[in-house]
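The structure follows.
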Amino acid sequence: MQQGLLSAFNPSDALPAPRYTGMLLPIERDMYGTKGNFELAVPQFLQDAYSGINKFGQAFRGELSPQELQQLAFDTSMNVTGGSLLGSRVIPNALPQGALGMNMMRPLTKDQIDPLGFGSTKGLLTRPLTETNIGITKDVDLIPEKKISIEDLQGSVLFPLIGDQSATGLLVNSIDDRVFKNPVKLEGGANFMRGASQKAEGSAWASGKSVISDINNRVKRVAEETGLPVKMIYTAMGKDAVDFATFPASVLAEQIPFSKIFKKDIKSFNDKMKANIKISGDAHKPVEDFIGVESPNLRSYLETASAKVRKKFVKLMDTAPYQNVGFPSVAKARYAVTDDALKNALSGDTGLVIASPKLDKLPTDNPLVPHSSYPTQMYGDYVGGLNKSIPRNILFRDFFDALSTQRDKSGNLLKPSMKDYSFRMNFPTQEVDQQLVDTIMNYSLLKR
């Protein structure tokens, strides 16, 4: 490995500068030896490199881990390989170009850092999300997990519970070195039917009042029309569906005090929150009473605001202009609040949890254990979960078979996104017959 000046330099070393002149890399010679006077150039080089930049001093002394070196390299947009400078951008008052005479890895790509799309942009992330240090503690014990096979469901009708991927019964206390002033409580999510509400009064699902009413009525109708037992089965939405809940916004709000953000970028964010904007093609209305990301009351404001406000807050922060200037990582926030069993799940994965509805009880708007995001709860018993999650286009066979020949207004076969939208709008059901049992068992064998 070609070494530069600072790989041999010790700040306490009192030897004269000429000792180091032969160690300068070509890039360092170009910067500090343009007049050929290296004896004068080297002290200036050392002074520049050590002028109050403790982090760089740690790097030069070999005190940083490879991950920390990679973060440092990204922060200065340096990429030095084999002594060859491939590109750099100098941060004011930071290390001058070329002063890192050491090998550094190329920054990882978005797909390497976040392959499942927890965030829309890489932002300042330099390490895979799986290496994020999330401080988690247990809040409540869940009902013990139970695994069942598709055979156990034969003769029943499946009804989809379409929900986000958030965890249940946990507290998020920190992300990396950012310890929250107040932990963020996670209430689910899929495993809501194993949590405190299930223990208290047998609640199986929570959502808005109209949604729960619709689900309850549909389940009743299916039970009456088929005469078969109905099993409500969880099917996953995308990674960003959790933005509706309070959890991601709260996690982001807890990290704002640790973030070094310029006032102009704070003002830009606040202005856009109060403006009519589009994010990835979706319209977001002005939030005229937005109190500002710098407010000490930001978290409490977001937790009591409407879901539309929280979604705009999270999705705006997840755009490149703000992820690139120091706002907390939205990808890390979503990753932190996601159930461990779903961190690698894809949208449409189905079967993690299953409940039998209690159709003799009406949904409640006044539950014993309220959910911070979803005010209405319906009743049911947790019965278990499939050994492996199954894509819903396989599990809900009849519905997707029918869609396979349908065409859009232009005469083209429906795209997967259109099929997914139709599924979410229609809440299709599926009888578990022998053919489906065989299909699922064969699929599970192939995926081992």
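All but one of (1) open to solvent by 20 Å² or more (accessible area, probe 1.4 Å); (2) over 30 Å from K231 (Cα atoms); (3) under 21 Å from the mean Cα position of the chain (by Cα); (4) of a type in the set (A, V, I, L, M) hold for M317; state the number of the condition that does not hold.
M317 satisfies all of (1) open to solvent by 20 Å² or more (accessible area, probe 1.4 Å); (2) over 30 Å from K231 (Cα atoms); (3) under 21 Å from the mean Cα position of the chain (by Cα); (4) of a type in the set (A, V, I, L, M) except (1).
Please give the helices (runs of 4 or more DSSP H) falling wholly within the range 397-448 in which 2 or more residues are free of Cβ contacts under 8 Å to residues at least 12 places away in the same chain and more than 31 Å from the chain's Cα centre (by Cα). Let's see the steps before the verdict.
Numbers: elements: 397-403, 416-426, 434-446.
In the range 397-448, 397-403, 434-446 are the helices (runs of 4 or more DSSP H) which contain 2 or more residues that are free of Cβ contacts under 8 Å to residues at least 12 places away in the same chain and more than 31 Å from the chain's Cα centre (by Cα).
When both residues are 6+ apart or on different chains and their Cβ atoms are under 6 Å apart, which pairs have a first residue that lies in the range 113-124 and is among the polar types (S, T, N, Q), and a second that is part of a loop (DSSP other than H, G, I, E, B)?
Final answer for the pair search is S120/D318.
Here is a further query. Please state which one of S280, S295 is exposed (fewer than 15 other Cβ atoms within 10 Å of the Cβ), modelled with pLDDT under 95 and over 20 Å from S373 (Cβ atoms).
Matching residue, one of S280, S295: S280.
Further question: Among the candidates V211, V219, single out the residue that is of a type in the set (A, V, I, L, M, F, W, C), open to solvent by 50 Å² or more (accessible area, probe 1.4 Å) and part of a helix (DSSP H, G or I).
Of V211, V219, the one residue that is of a type in the set (A, V, I, L, M, F, W, C), open to solvent by 50 Å² or more (accessible area, probe 1.4 Å) and part of a helix (DSSP H, G or I) is V211.
The values are calculated or read from the model by the stated rules, or taken from the named source; none is laboratory data. As the structure is a prediction and not an experimental result, all values here were calculated from the model. Every residue, glycine as well, gets a Cβ built from its backbone with ideal geometry; the counts of neighbours run over all protein chains shown. Each accessible area value is taken on the protein alone, full model and side chains, heavy atoms only, with ligands, DNA and RNA left out. Shrake-Rupley method; radii C 1.70, N 1.55, O 1.52, S 1.80 Å.
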